[in-house]
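One structure is given here, and the rest of the page talks about it.
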Amino acid sequence: MEEPSLADHRGATAPVGPPATARAPGRVTAVLVLLAGLLASAAVGTWWADDVREDEAMAREHRAEEIARTVASTIRRHVDVTVAALNILRVEPAEGADIEPFRAWYELEDAGGRHPGTVMLGYIRAVTAEDAPAAFDELAAGLTAGYAVEEDAFRSAFGDDLGLEPGRDRYCIPTVLAGDLAVWGALGADRGVIDQCQTPVGGAIDQARDTGRVAFVPWGLDDHLLVVAPHYGEGDAPASLDARRSAFVGAMFSVIDGRTLLDTATGSRNDLRLELTEVHMSGERALLATTGGATGGTPLRDVTFFADGTWRLGVTQLGGPASPSPDVQGWAVFVAGAAASLMLAALLRTASVSRERALALVDVRTGELHHQALHDALTGLANRSLVTDRAEHLLRRARRDDDECAALVIGLDGFKTINETLGHEQGDALLRSVGARLARTLRESDTVGRMGGDEFVVLLEQGAIEPGPEVVADRILDVLREPFPVGGVGADGDADRDFPITASVGVAVRRSGTASELLRDADIALHQAKAEGRNRAVVFRPEMQAAAHERLTLSLELRDAIGHGQLHLDYQPTFDIASMRVTGVEALLRWRHPVRGPVSPLEFIPLAEQSGIIVDIGAWVLREACGQMAIWHAHGHDLRLHVNVSGHQLERDDFVTTVAGALASTALPARNLVLEITESMLMHDAVAVGARLAELKALGVQLAIDDFGTGYSSLSYLRQFPVDSIKIDRSFLTDIAHSTEAAALLHSLIRLGRSLGLETLAEGIEEEAQLDHLRREACDSGQGYLVSRPLPPGEVEHLFTPSQVPG
């Protein structure tokens with residue numbers, strides 16, 4: 001027998017008639033019930049139409065608000081990247097043709113299209129009439145070299161003077177640092193535009209210069225916008241207008257394709273038209289960019305927002321609705337109710353009202369109990385019992401038809417942090433929203449359930465997996481990446497915010513077996529997806545089950561490793577690149593299993609992280625390493641001890657006490673201890689992490705950012721946290737001999753660290769050529785197999801004497 005859908009478990013209450021009806025003849029009773037049913041059907045049909053109409057209006061308004069928030073967020077990101085580019089230019093000036101380091105930074109910044117619509121990024125330098133010819137020559141040389149254009153062809157296209165009109169007291173010379181040179185050529189089509197100071201673009205420059213703030217204005221090119229960030233030499237914006245004009249040396253600018261910006265906000269939907277206008281203080285509106293079809297359609301909403309200026313976004317629906325109109329749906333409800341009334345009247349003619357009433361009450365109560373037993377109380381989705389039953393049903397049909405069925409187990413990434421940040425009430429609201437969104441995404445014939453906590457499950461009928469369950473999993477990931485509106489006042493004071501989340505999906509496909517085996521396979525695949533970095537889908541493979549059992553066994557054995565003396569530390573030296581003198585050592589954890597032998601840290605460290613035992617292991621590493629360094633310190637070796645810190649350790653309130661206890665028990669001076677943290681830890685919770693690092697600095701220890709350059713560290717984050725040094729990831733050394741881009745990136749990272757007063761340490765030095773390159777770049781310190789591999793304490797100590805250091 002076919003399983004009922006979720007809707008089949010909802011309770012229904014039968015109409016209850018007055019006592020007199022029970023004593024009336026069957027025909028009179030049937031007529032009265034029929035009339036009551038028709039009236040009720042008419043009322044319900046009217047209510048249904050009004051409710052659908054209201055829901056559609058609310059959905060349109062919500063969609064318009066979502067699009068406006070996306071446009072506002074994108075505009076703010078464009079302003080932020082322009083300001084960040086100006087800060088980078090202060091640290092790493094792009095002079096003449098030497099703009100490769102800046103381009104390399106911008107390619108990292110815009111990786112994955114994080115700033116849709118950016119056409120061009122450049123710098124406008126304000127020069128006097130006396131300096132203008134030389135500045136033009138420098139510009140021409142820089143552009144032709146940077147874009148592989150012959151200088152003669154460049155001058156022929158734009159003129160020998162690039163449109164510098166004589167007789168002016170100042171000129172603004174633009175340099176394209178990244179982007180489309182053809183758009184720069186569109187600027188040059190009007191000979192006065194190259195002289196930015198005398199054009200409408202010059203008005204934006206003057207606005208930014210005089211206010212000391214970013215100017216975000218329309219640009220003459222069709223549907224393009226311009227962002228201008230003023231540059232006042234080495235300092236910030238002066239306080240007075242005259243001082244700002246005097247100190248002004250130029251501006252960073254970016255050109256944005258407004259149509260691309262709007263298309264990104266709508267996901268390139270062709271049923272919407274957007275109109276972005278600027279609202280002036282006088283109330284006048286200037287159309288900046290549009291996207292979508294021609295005029296006509298149904299206006300949904302005009303949303304006004306502020307993002308370095310006041311903007312209004314008009315959203316218009318093109319074409320008619322895909323679903324039947326509310327009136328049609330209301331009539332359908334009425335017809336269905338009338339048909340049901342006719343059927344009920346026919347039944348009532350052969351049975352007494354009291355009997356029907358009793359049976360209806362029994363059915364209602366039975367339906368309610370049945371629904372409660374099979375559905376999750378929080379989300380209303382199928383619970384574990386119903387999911388298991390449905391899975392058994394799918395497997396029986398798969399065996400019968402020699403077909404396949406699939407289960408997808410979905411886990412929200414970092415939901416524990418969401419609960420701790422927003423509170424359990426908002427966490428429950430988020431779970432309800434996720435369940436509703438999943439139910440809307442899939443077909444009615446598919447089962448959506450909640451297994452508990454932040455895990456959901458989807459069972460796919462055979463027709464849904466013909467293109468492959470991976471396609472369904474990717475669609476689910478895309479749907480869940482759209483931010484969820486979450487209420488409650490946050491740290492920034494907003495009463496309602498869009499909260500972005502990601503999810504991981506485990507997929508299992510079977511032709512036979514039991515429901516528990518199908519769900520187990522999907523759960524194993526989910527854990528594999530989380531282990532591979534989350535925010536992805538992984539399909540179960542048979543070897544995963546053996547690997548999962550192996551990981552569980554290894555995790556249980558790891559808990560006993562400390563007590564049984566199976567863990568020990570090796571130490572790899574760090575050295576001064578200029579003198580090749582050993583300056584410190586990094587403590588590296590090793591595990592010698594009594595049966596397996598040496599176990600790779602790449603295998604057991606993630607297990608320790610997942611199980612939480614990394615906190616106990618980390619405390620042991622601190623005590624052991626500090627004790628060994630205290631011995632070396634007593635022997636006259638004044639070295640620094642580098643110890644890696646896990647994110648789980650840094651999150652604990654007692655971590656500072658643990659560090660202080662390790663220093664006190666070993667009598668190691670705090671200045672000799674360097675704690676290494678990764679960039680991802682800094683980005684997790686900037687406020688909490690910043691407070692924890694400040695407490696550690698108060699102890700006197702040093703702080704270093706490990707694997708620097710592989711994450712997302714901006715200048716603001718480097719300045720916000722009290723770090724002392726950066727360890728440049730080994731990947732930047734691998735290709736410097738064969739890649740100018742790799743060399744440029746390494747150069748920029750070292751210069752960035754030096755400009756911020758941070759010590760730079762390069763990891764993974766294995767070749768003399770790499771060491772020579774780092775010497776030329778004036779990198780401070782290094783570490784790698786060229787000098788020494790990680791060694792036991794007794795073998796590494798002989799390297800501490802300067803004369804014995806290789807070099």
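The values are calculated or read from the model by the stated rules, or taken from the named source; none is laboratory data. Note that the coordinates shown come from a computational prediction; the quantities given were computed from them, not determined experimentally. Please note: Cβ atoms are built from the backbone with ideal geometry, for glycine as well, and neighbour counts cover all protein chains shown. Only protein heavy atoms, including side chains, enter the accessible area calculation; ligands, DNA and RNA are left aside. Shrake-Rupley method; radii C 1.70, N 1.55, O 1.52, S 1.80 Å.
Could you derive backbone 3J(HN,Hα) for the range 31-39 from the dihedral phi with the Karplus parameters 6.51, -1.76 and 1.60 (θ = phi - 60°), listing whole Hz in sequence and x where the residue is Gly or Pro?
Using θ = phi - 60°, the values come out as 5, 4, 5, 5, 4, 4, x, 5, 5 Hz.
Give the peptides 208-214, 49-55 in descending order of average Cβ contacts within 10 Å, highest first. Spell out each step's value before the answer.
Working: 208-214: 18.9, 49-55: 14.6.
With the highest mean Cβ count within 10 Å placed first, the list reads 208-214, 49-55.
Want the number for A346 to T211: 0.36 nm per residue separation, take away the alpha-carbon distance, what's left?
Length gained, A346 through T211: 40.5 nm.
Any idea how far apart R396 and E56 come out in nm if each label point goes 7 Å out from Cα toward Cβ?
4.2 nm
Starting from the Cα-Cα distance between R481 and A688, subtract it from 0.36 nm times their residue separation and give me the gain in nm to one decimal.
The R481-A688 span can extend by a further 72.0 nm.
Could you calculate the contour length gain from T441 to A42, that is, 0.36 nm times the residue separation minus the distance between their Cα atoms, to one decimal place in nm?
Gain on extension, T441 to A42, equals 140.5 nm.
Counting alpha carbon pairs within less than 8 Å and at least 6 residues apart, what relative contact order, in whole percent, applies to the range 648-775?
20 percent
For S611 and L699, what does the FRET efficiency come to when R0 = 41 Å and r is the distance between their Cβ atoms, rounded to the nearest 0.05?
Efficiency, from the Cβ-Cβ distance: 0.90.
Please sort 577-584, 119-126 by packing, taking for each peptide the average over its residues of neighbouring beta carbons within 10 angstrom, highest first.
Answer by packing, highest mean first, reads 119-126, 577-584.
Residue-wise, which Karplus ³J(HN,Hα) couplings in Hz belong to the range 231-240, taking 6.51 cos²θ - 1.76 cosθ + 1.60, θ = phi - 60°, and x for glycine or proline?
Values, residue by residue: 10, 10, x, 7, x, 7, 5, x, 6, 9 Hz.
Report the accessible area of W620, computed with a 1.4 Å probe over the heavy atoms of all protein chains in place, in Å² rounded to the nearest 10.
Here the residue's solvent-accessible area equals roughly 40 Å².
Quantify, in whole percent, the carbon and sulfur part of the accessible surface of the range 502-573 (1.4 Å probe; protein heavy atoms only).
51 percent
Which lysines does K530 reach when only Cα atoms under 16 Å apart count, and residues fewer than 8 places away in its own chain are ignored?
K416
Taking all protein chains in place and a 1.4 Å probe, what share, in percent, of the accessible surface of the range 659-783 do carbon and sulfur account for?
Here carbon and sulfur together make up 51 percent of the probe-accessible area.
How do 776-789, 246-259 rank on mean C-beta neighbours within 10 Å, highest first?
Descending packing order for the listed peptides: 246-259, 776-789.
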